[in-house]
1. Among (1) within 43 Å of the chain's Cα centre (by Cα); (2) more than 30 Å from B:Gln646 (Cβ to Cβ); (3) not acidic (Asp, Glu), there is one condition B:Val544 misses while meeting the rest; what is its number?
2. Any idea how many residues of region A:21-43 are within 11 Å of another protein chain (Cβ to nearest Cβ) and more than 15 Å from the chain's Cα centre (by Cα)?
3. Within the bounds of region A:70-80, is there any residue that is closer than 19 Å to B:Arg36 by Cβ, facing chain B (nearest Cβ under 9 Å) and outside any helix (DSSP H, G or I)?
4. Can you tell me which residue is nearest to B:Leu190 (Cα to Cα) among those in region A:19-60 that are β-branched (Val, Ile, Thr) and free of Cβ contacts under 8 Å to residues at least 60 places away in the same chain?
5. Examine region A:11-20 for a residue that is more than 9 Å from every other protein chain (Cβ to nearest Cβ) and either in a helix (DSSP H, G or I) or under 16 Å from the mean Cα position of the chain (by Cα) (or both), and state whether such a residue exists.
6. For region B:152-211, enumerate the residues that are on the phi > 0 side of the Ramachandran plot and either surrounded by fewer than 19 Cβ atoms within 10 Å (Cβ to Cβ) or in a strand (DSSP E or B) (or both).
7. Considering region B:678-710 alone, what residues qualify as being surrounded by fewer than 24 Cβ atoms within 10 Å (Cβ to Cβ) and outside any loop (DSSP other than H, G, I, E, B)?
8. Right, B:Met651: within 20 Å of the chain's Cα centre (by Cα), of a type outside the set (Gly, Ala, Ser) and more than 12 Å from every other protein chain (Cβ to nearest Cβ) or not?
Amino acid sequence: MQRQVMTLTVNGDRHEVLVSPRQTLLDVLRGQLGLTGTKEGCATGTCGVCTVNNAEGEALLSCLTPALEWDGEAVTTIEGLERDGRLAPIQQAFVEYGAVQCGFCTPGVIMSAQGLLNASEQPGEEQINDGMAGVLCRCTGHIKVKEAIRNVGRFRDAPAK
Amino acid sequence: MAARPDDKLNVIGRRQRRIDGFDRVSGRSEFTDDIRLPGMLHGKILRSTQTHARIVRIDTSKAEELPGVKAVVTHKDAPDLMFSEHQPVLAGDVVRYVGEEIAAVAALDLLTAEEALELIEIEYEPLPSATTLRQALREGAPVLHVRSPDNVGPTMEKDWGDPDRGFAESDCVIEDEFRTPMQHNTLAELHVALADFSNPDKLHMYTPTQGAPMYQMELAKGFGLETSQVRVVYRNIGGAFTGRGRPKPHHFVAALLSRKAGKPVKIKATADEEFIMFRASGETVYKFRTGVTSDGVIKALEADITFDAGGHDEWAMILWLPSVYLNWVYQAVGVRYRGRFVFTNTVPKGSHHGGIMGRMSAGWQQHIAHVAQELGMDPADLHLKNAVMPGHESPDGSVFASCGLRDCIKAVVDRSGWKHKYGKLPKYRGIGIGLGAQASGSKAADNDTSAAMVKIAADGVVTLYTGIPDMGQGSHTVMCMIAAEVLGTEPESIRVVQGDSDITPFDWGAFSQRGTFTTGNAVKAACEDARQQLAEIASRELDVAADRLEFGAGRVAVRGNAEQSMSFSEVANKSLHSTEGRFVMGRGFFNSPKPFGALAFSFGAQVAEVEVDPVTGAVTVDKVWAAHDIGRVINRLAVEGQLDGQVFSGMSQVLYEECKVEDGLILNPSRLEYKLPRAYELPEVDYTLVETIDPYGPFGAKEVGEGPIVVSMSAVAAAVQNAVGAMVPEMPMTPWRVLRMLRATADGSTDVGKAWSEGLD
């Protein structure tokens with residue numbers, strides 16, 4: 001299988017990478033680029049742990065995305081949410097509301113939540129349920145995850161901790 | 001010194017955010033699969049495609065010749081390397097289940113390793129197989145192990161107290177049967193092992209674990225090493241739920257490949273392979289018998305449990321786990337337990353979240369509700385009448401120094417409006433109550449030790465060294481809270497060194513609900529040691545008696561005179577950077593003084609309210625009221641998280657989770673087809689924390705890590721039982737099973753459960 005050079009903008013940084021046609025976007029992020037914040041869970045699209053955001057800010061399962069199809073595109077990963085060393089509001093909300101336990105699914109859960117917030121600043125209960133249906137958190141039962149999303153407004157323009 | 005309810009505490013009891021929260025939400029937490037060692041190879045395991053077969057021939061020559069392949073191993077490479085007593089790590093002449101490890105390859109990359117597996121030739125001679133309990137116990141069934149001609153492996157038969165007298169004193173004896181299926185834990189972080197055995201004098205094992213010592217001991221034994229020659233590294237762990245208590249075959253295989261290739265080797269499960277690697281819980285059949293007097297006094301309790309052990313008896317501990325639970329909830333005269341392992345041609349079994357107690361409780365607590373029904377009693381009244389109390393000594397010799405079970409029952413009955421609901425809800429709605437008890441730590445043949453160290457640097461920074469793994473439960477935050485309380489500082493200012501058996505002091509780890517209780521006591525002792533050393537130095541510097549000093553806000557001050565004080569850094573500096581050169585370092589350990597069993601027990605009661613859809617059979621859990629006596633609450637935020645997670649996992653097991661197995665093959669090894677609740681399915685949870693102050697717990701704390709799930713499972717099961725009008729004899733209570741129950745109860749079939757179980761194969 002012929003490997004090809006592709007360009008990918010991740011968290012605002014443009015990269016040129018050599019990619020095999022069998023590799024997924026997740027493989028490239030974790031392997032070639034060393035951005036291991038995005039985790040590999042089931043790698044079959046069932047757990048949502050690998051979720052990143054596409055250029056439109058929507059949630060995207062990186063494990064089901066063939067890398068070469070994403071040539072020239074831009075994505076945001078968990079490492080790209082901070083601004084000036086300060087956690088994004090949704091990240092702060094997750095810490096404060098206890099929405100994090102083992103932390104393995106957390107990057108994917110946060111990127112799903114961020115995708116939801118990109119579409120709607122204050123999503124309603126039904127939107128939260130729909131938007132978070134694609135990720136599986138084994139520890140929290142999603143209860144505090146939803147609480148964190150509901151209360152994210154508290155952390156917008158809040159002083160950094 | 002025993003904790004008292006009126007102790008003045010600054011840190012304990014807060015809603016404390018995780019000390020590692022920043023790393024976890026920002027992608028900084030490093031998990032095993034994120035580690036790349038220089039020269040690292042990727043390993044893959046070749047697994048049996050047969051349920052039961054003789055291996056006639058293995059030819060690995062083509063795989064070995066494939067460019068990029070660095071090592072291939074089979075049974076011949078390690079004929080004496082055993083995983084359990086009768087089970088080689090790589091199968092010898094016989095395979096006994098689909099997925100059994102036969103050979104393995106290490107290659108430069110994963111694709112090459114996968115390609116090499118395809119090139120290994122295996123010739124099987126199929127043998128007759130038995131893949132269910134029923135098949136294995138049938139007369140003339142195929143035999144898995146010559147030593148067990150009837151396929152029955154280890155058994156346990158034990159009576160506590162006098163069950164014969166208990167049954168004799170009973171006015172009525174009720175019997176029920178229950179069955180639970182094979183279930184799997186679907187951990188967030190799939191199983192992974194990165195072994196570096198390139199220096200044969202030291203095996204470095206990077207892997208998520210619930211405790212390093214078991215891994216060190218078993219790997220050392222397998223490879224003929226001393227325990228200290230095995231180093232286990234486990235920085236962050238993506239959940240465990242009883243699934244990471246001891247090493248699995250892939251740990252041994254990774255080490256074997258690494259030794260042969262002379263390079264580090266990583267083996268990581270694929271989504272479907274995970275269902276083999278995990279060693280989940282197997283099909284289990286329970287027979288319950290309870291003797292009661294006509295006025296509702298429970299006299300005798302009996303459970304007879306048959307476990308599908310799979311192809312090997314890997315984990316005999318599962319046999320006795322349910323027996324203790326029978327002892328700890330009600331004040332019976334006697335308890336009888338019979339348990340047996342049955343070999344089948346399926347993957348060897350381990351345990352699921354809640355151990356075997358949760359699965360059993362979903363049947364047992366329905367059975368107790370059935371007993372109440374037969375007596376014409378409200379089950380909540382029956383529970384309350386028989387629940388254990390403080391000071392109770394159970395038939396197995398456990399003594400409950402603190403026990404708030406009755407308060408828990410009263411709380412959930414009150415808060416749920418039970419008296420207005422039980423027996424009065426509209427059709428297709430149900431309400432159920434369940435009880436549970438769990439030990440905080442437990443001593444068996446060996447000790448139950450946790451040790452801890454704490455150092456105070458010259459700049460006053462406190463560093464805690466602990467071997468307790470944090471699989472998500474928040475132990476490290478709890479340990480920092482305990483340390484901060486003793487030393488009069490803030491939890492987030494404390495640094496934690498953990499996750500490396502070469503560095504941290506001995507700690508069995510995070511299982512048997514021993515973290516907060518046992519390691520918490522060790523950390524408390526270590527910090528008290530450091531505190532005493534700081535006090536000695538400060539007493540000299542401030543020229544007051546040490547017992548007149550108090551610790552707070554990172555300072556040591558003379559009580560009643562805040563002016564006269566020193567910061568930690570001043571005290572540490574005085575001792576270290578002086579001719580004395582003393583370095584302040586505290587150490588402590590805790591091991592139960594009892595020769596056997598546990599010192600402290602937590603208790604709980606939950607009420608669940610459910611709705612059953614009469615058309616689809618789907619069950620919706622509307623609300624759960626949970627009341628738990630977990631001793632002193634250390635971190636309220638984490639406790640709520642533990643309760644949420646256990647309600648989630650409990651309802652998941654009762655309503656959804658089931659491995660569909662056909663001819664020994666798991667048909668649904670995926671997180672979509674193996675159903676788990678998603679965000680929209682969770683009920684509201686109402687918490688009540690009954691804070692008994694346990695005399696042995698650190699600041700009076702007990703466990704909260706597994707007790708609640710047992711209770712959740714029993715409450716949800718009892719609620720479905722109440723909604724459909726009869727004991728549901730099988731888990732999970734999926735829509736078709738519920739519909740079948742509704743039909744049977746509508747027909748007036750009286751013995752639904754029994755007829756159903758007998759029809760199963």
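1. Failing condition for B:Val544: (1).
2. Within region A:21-43, residues that are within 11 Å of another protein chain (Cβ to nearest Cβ) and more than 15 Å from the chain's Cα centre (by Cα) number 5.
3. Yes, that holds for at least one residue.
4. A:Thr44
5. Within region A:11-20 (the criterion being more than 9 Å from every other protein chain (Cβ to nearest Cβ) and either in a helix (DSSP H, G or I) or under 16 Å from the mean Cα position of the chain (by Cα) (or both)), the answer is yes, since at least one residue qualifies.
6. B:Gly161
7. Selection gives B:Tyr680, B:Glu681, B:Glu684, B:Val685, B:Asp686, B:Tyr687, B:Thr688, B:Leu689.
8. The answer is no for B:Met651.
The values are calculated or read from the model by the stated rules, or taken from the named source; none is laboratory data. These figures come from a predicted structure and were not determined experimentally. Here Cβ is always computed from backbone atoms with ideal geometry, including for glycine, and neighbour counts include all displayed protein chains.
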